[in-house]
Amino acid sequence: MNIHEYQAKELFDQFGVATPAGKVAHTPEEARQAAEAIGGAGLVVKAQIHAGGRGKGTFKNGFKGGVHLVATADEAADIAGKMLGQVLVTHQTGEEGKLVSKVLIASSVDIAKEYYFAILFDRATSRHAIIASTEGGMNIEEVAEKTPEKIIRELIHPTLGLQPYQCRKIAAMLDLRGALLNQAVKLFLALYKLYIERDCSLVEVNPLAVTTDGKLVALDAKFNFDDSALYRQKEVAALRDTSEEDSREVAASEFGLNYIGLDGNIACLVNGAGLAMSTMDIIKFYGGDPANFLDVGGGATKDQVSAAFKIILGDPNVKGILVNIFGGIMDCDVIAHGIIAAAEETGLSIPLVVRLEGNNVDAGKKTLADSTLSIISAEGLADAAQKIVAAVAA
Amino acid sequence: MSILVDSNTRILVQGITGDFGSRHARASLDYGTQLVAGVTPGKGGQSFDHGSFRVPVYDTVAEAARETGATVSVIFVPPPFAADAILEGVDAGLDLVVAITEGIPVNDMIKVKAAMAHSKTRLIGPNCPGLVTPGTGEKSHGGCRIGIAPGYIHQRGTIGVVSRSGTLTYEAVWQLTTAGYGQSTCVGIGGDPVNGTSHLDVLKMFNDDPETEAIIMIGEIGGDAEETAALWAKDHCKKPIAGFIAGATAPPGRRMGHAGAIISGGQGTAQAKKQTLRECGIAVAETPAEIGATLISLLK
């Protein structure tokens, strides 16, 4: 789950992480009021979408740039009016772009120096860790590859949490001295509190900046949250903006299905994440192109199978479907009836290959064979993949 | 022999009266597993009945272990209570705790893992299908089935299987069984980023198990646990290994079902993992349909 920049700012304010003043606006008038409330000499208007490269992006109406510096409230309203309701295309949005329905109005700061600072979960040690660097505003992966000595890495104790001495150590390594050192300790501890209390898996401040008037502030941040913790993070769950997500993925999540849309034309419906990935892999191996990842889970019901078919068929590129179910303790005959019901309900008109294995598999295969639908039955994974690739190519 | 559990292992089920836990407790009893106790707080003194089986239910793991001699627990409790359930099993001094529960918050598991650092208890999972040591009866009956894997797909034999995934493991096991090759023990270590037992841990156990003659290691994108295991195996494993890595077609930055299955920062791709495995002398199956055949080719 991603959140908007203005939401990140609100979280910063809530936890006392120093950041320039900012407000979200949905209309040009709100933008004017926000600009007046924030005041000051320089302001910035930023389009709020879940994609990077906004500054260099272009709106479909021809207006250039999703990030603009403005001097007055009138100007803020004018720029907001050119962004709101328009579609912004950046290198991360794809050609279709993203509709801008909110803008952030924030104080613009004069940056003296930029840093990189992140808290993230480190799999190798099963601990949270801090990654910091003096090379702010850069692609951190590139820094890590080319100049690994410029990456500071500090592990956080699983029960003690981040300690002030660790913050001082990191600040000193970043050469944040004098008044800046204490600002850094305060900011790092506040950020860690936010990270832990909101069950984040990543908070990446890039850049962390020292302003020309000697203040250390978090300018922009990327957040990732632990999906498994959302049940106890109602406030975080409320930050989700489904309009920024693939509509099919949103529909799938409502039925407890795990769907990720891809560019190919062979849809797959599989139980279990590992088998679902493997099914995509074998389709590709035999020359096909998977249209999606779809895991219906270990105990898929008839309703879920039916919902899965509708979501799959909502993708206009799909030219064939491969169902691969290793039933285990699930009854294959129940699955077979679910597939038939879903195919009938959706008026399925493209090739459907079904590979069933597991409990009561013979009855399941008979049910499929006896149906009036032209379902292609497969024995094993390789056979299933070859049959759907051939059917789609025909 | 086998690893971790055998036909005589006595197990208890935490969350035996829930829908999920009871269904799989029945399946384990039917399989012939020594399922000797259940734990559901507040239902101590009741019994869990299935056919001729009457399994006593206790309020705490400590009581269940003391009264029945159970040394292994399997956890089916919902995510908000699962970390506590694991710690209860550790506190009771169990040898092995198998957490089936999917969706335990990472912060909970980080603390559990830290708390377990010096305990005698081994954790498998969470978010895993469990483990099976097949029995010698028809359709492997009489073995130790812990978790949610279908028992009948197994067959007693000499191949050790370790995997992060559930149904993909069944796929590989089924390929072996239908080709006439049985398994010593099949272990699903789970798809979460923080887990109790790694590929490497299980490889070492298979290497030391006299009954296991060859090993299948199934991994997926994300992290570097498969590489770590492979690098160890290169110098230390005496037995042939066949491998498979799922997720060659997965897009970067997207979590593919399992919380741990994500390519981030160019790390953890299927291609890189397969290459490392090959460099370490592991025979990597080109497709998931050839996992069994790849292993069998090593035996000839």
- Query: Are any of the residues in the stretch A:298-308 open to solvent by less than 30 Å² (accessible area, probe 1.4 Å) and more than 23 Å from A:GLY256 (Cα to Cα)?
  - Reply: no
- Item | Residue count, the stretch A:199-232 (criterion: out of contact with any strand residue (DSSP E or B) (no Cβ under 7 Å at 6 or more places or on another chain) and closer than 30 Å to B:ALA261 by Cβ) | 6
- Verdict on A:GLY214 being away from chain B (no Cβ under 13 Å), outside any helix (DSSP H, G or I), at pLDDT 90 or above and surrounded by fewer than 17 Cβ atoms within 10 Å (Cβ to Cβ): yes
- Message: Just to check your reading of the model, which residue among A:VAL334, A:VAL318 is in contact with a helix residue (DSSP H, G or I) (Cβ under 9 Å, 6 or more places away or on another chain), open to solvent by less than 30 Å² (accessible area, probe 1.4 Å) and touching a residue at least 24 places away in the same chain (Cβ under 8 Å)?
- Response: A:VAL318
- With respect to the numbered conditions (1) touching a residue at least 24 places away in the same chain (Cβ under 8 Å); (2) exposed (fewer than 14 other Cβ atoms within 10 Å of the Cβ), which one is the sole condition not fulfilled by A:GLY62? (1)
- Please tell me if B:SER163 is open to solvent by 20 Å² or more (accessible area, probe 1.4 Å), at pLDDT 95 or above, within 13 Å of another protein chain (Cβ to nearest Cβ) and closer than 26 Å to B:LEU94 by Cα. no
- Task: Go through the stretch A:1-36 and count every residue that is more than 13 Å from A:LEU104 (Cα to Cα), of a type in the set (A, V, I, L, M, F, W, C) and modelled with pLDDT of 95 or more.
- Result: 5
- Item | Residues of the stretch B:224-240 that turn out to be within 18 Å of the chain's Cα centre (by Cα) and open to solvent by less than 30 Å² (accessible area, probe 1.4 Å), as a count | 2
- Message: Within the stretch A:220-233, does at least one residue satisfy the condition of being touching a Ser or Thr at 6+ places or on another chain (Cβ under 9 Å), open to solvent by 10 Å² or more (accessible area, probe 1.4 Å), aliphatic (A, V, I, L, M) and in contact (Cβ under 8 Å) with a residue 60 or more places away in the chain?
- Response: yes
- Item | Considering residues of the stretch B:99-135 that are closer than 27 Å to B:SER7 by Cα, surrounded by fewer than 21 Cβ atoms within 10 Å (Cβ to Cβ) and in contact (Cβ under 8 Å) with a residue 60 or more places away in the chain only, the residue nearest to the other protein chains (Cβ to nearest Cβ) | B:MET116
- What's the number of the condition A:SER247 fails, among (1) farther than 28 Å from A:THR301 by Cβ; (2) open to solvent by 50 Å² or more (accessible area, probe 1.4 Å)? (1)
- Looking only at residues in the stretch A:271-305 that are more than 8 Å from chain B (Cβ to nearest Cβ) and of a type in the set (S, T, N, Q), which one is nearest to the chain's Cα centre (by Cα)? A:ASN292
- Task: Filter the stretch A:344-388 down to residues that are touching a Phe, Trp or Tyr at 6+ places or on another chain (Cβ under 7 Å) and either outside any loop (DSSP other than H, G, I, E, B) or polar (S, T, N, Q) (or both), then give me how many there are.
- Result: 4
- Task: Determine whether A:GLU96 is among the charged types (D, E, K, R) and in a loop (DSSP other than H, G, I, E, B).
- Result: yes
- Query: Going through the stretch B:242-271 one residue at a time, which ones are closer than 20 Å to B:TRP232 by Cβ, touching a strand residue (DSSP E or B) at 6+ places or on another chain (Cβ under 9 Å) and either touching a residue at least 60 places away in the same chain (Cβ under 8 Å) or surrounded by fewer than 20 Cβ atoms within 10 Å (Cβ to Cβ) (or both)?
  - Reply: B:PHE244, B:GLY260
- Message: B:ILE245 - would you say it is within 27 Å of A:ALA276 (Cβ to Cβ) and more than 8 Å from every other protein chain (Cβ to nearest Cβ)?
- Response: yes
- Filter the stretch A:250-270 down to the residues that are small (Gly, Ala, Ser) and open to solvent by 10 Å² or more (accessible area, probe 1.4 Å), then identify the one that is farthest from the other protein chains (Cβ to nearest Cβ). A:ALA251
- Query: Which of the helices (runs of 4 or more DSSP H) contained wholly in the stretch A:139-197 include at least 3 residues that are open to solvent by less than 40 Å² (accessible area, probe 1.4 Å) and within 14 Å of another protein chain (Cβ to nearest Cβ)?
  - Reply: A:179-197
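Conditions tested, residue by residue: (1) β-branched (Val, Ile, Thr); (2) modelled with pLDDT under 95.
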position	(1), (2)
B:PRO79	no, no
B:LEU87	no, no
B:VAL98	yes, no
B:VAL106	yes, no
B:MET109	no, no
B:MET116	no, no
B:PRO129	no, yes
- Mind listing whichever residues of the stretch B:21-33 are out of contact with any His (no Cβ under 9 Å at 6 or more places or on another chain) and either over 15 Å from B:SER73 (Cα atoms) or in a loop (DSSP other than H, G, I, E, B) (or both)? B:ARG23, B:ALA27, B:THR33
- Lone unmet requirement of (1) open to solvent by 20 Å² or more (accessible area, probe 1.4 Å); (2) in contact with a strand residue (DSSP E or B) (Cβ under 8 Å, 6 or more places away or on another chain) for B:ILE86: (1)
- Across the stretch A:110-138, the tally of residues that are assigned to a strand (DSSP E or B), touching a Gly at 6+ places or on another chain (Cβ under 9 Å) and within 12 Å of another protein chain (Cβ to nearest Cβ) stands at 1
- Query: Conditions: (1) without any contact (Cβ under 8 Å) to a residue 60 or more places away in the chain; (2) touching a helix residue (DSSP H, G or I) at 6+ places or on another chain (Cβ under 7 Å); (3) under 30 Å from A:ARG232 (Cα atoms). B:GLY89 meets all but one. Number of the miss?
  - Reply: (1)
- Query: Tally time: how many residues in the stretch B:181-208 are more than 30 Å from A:SER201 (Cβ to Cβ) and open to solvent by 30 Å² or more (accessible area, probe 1.4 Å)?
  - Reply: 3
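The values are calculated or read from the model by the stated rules, or taken from the named source; none is laboratory data. What you see is a predicted model; the values in this text were computed from it and never measured. Cβ sites come from the backbone with ideal geometry, for glycine too, and all protein chains shown count toward neighbours. Quick note on the areas: whole protein, heavy atoms, side chains included, nothing else; ligands and nucleic acids left out. Shrake-Rupley method; radii C 1.70, N 1.55, O 1.52, S 1.80 Å.
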